[in-house]
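Readers should treat all values here as calculations from the given coordinates under stated rules, not as data from a laboratory. None of the values given here were measured: they were computed from a predicted structure. Note that each Cβ is placed from the backbone with ideal geometry, even for glycine, and that neighbours are counted across all protein chains shown.
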Amino acid sequence: MKIIASQFLATMFLLMMSATAMAGDNVLSSKGGAFEGETLLLSIELNNEDSVIGIQFDLKLPEGLSIEENDKGKCMYKASKRLDGMSVIARKLGAGHYRFLAFSLQCKPVAGSTGAIMDIPLKHEASLTAGDYEVKAEGVSLSTMNSGSNMNYIHNDFTIPVAVK
């Protein structure tokens, strides 16, 4: 019985690896930037070859940086036209930890194949020392649909350089 189970797991692993290898080039990224005052508009970009139907990522900010909130305490962001028709959710999970989701229950893909998908306004505490900081994007998941049926999940965590002057 153990031999059959391990053969099954090995076969499933190889199938998953080959499906991932066939996926197109899909990358979530940000160039970062420098504060020119109290706020910095952080642009999140998606360059995709496949039809991306879901996006999830966490931003982890160093102490002293945060995402602007509206008067109800909700994270602010501006979704680009590439996300029209998709649900977008942003939540603060803890100190300096935020989660962003964009998805379509109808499997409507992100429009276009390159460029910004959202802008996120960062702010810094007045007491924050001038210098270079890293914002971490973790748990990045892109759900894609190829040929209308099989779904792949692509992960690419990255760091975002941010300078405070």
Item checked: Label-point separation, Glu138 to Glu63 (7 Å along Cα→Cβ), nm -> 1.7 nm
Notebook entry, point to check: Lysine pairs, Cα distance under 13 Å, 8 or more residues apart or cross-chain: how many in region 56-138?
Noted result: 4
Next item on the list: Could you work out how far apart the two model spin labels at Lys74 and Glu45 are, taking each label as a point 7 Å from the Cα in the direction of the beta carbon, and quote it in nm?
Entry: 2.9 nm
Next item on the list: Mind giving me the nanometre distance, one decimal, between the label points for Arg91 and Asp119, set 7 Å out from Cα along Cα→Cβ?
Entry: 2.7 nm
Next item on the list: Would you please give the FRET efficiency between Ser127 and Gln106, computed as 1/(1 + (r/R0)^6) with r the Cβ-Cβ distance and R0 = 45 Å, to the nearest 0.05?
Entry: 0.45
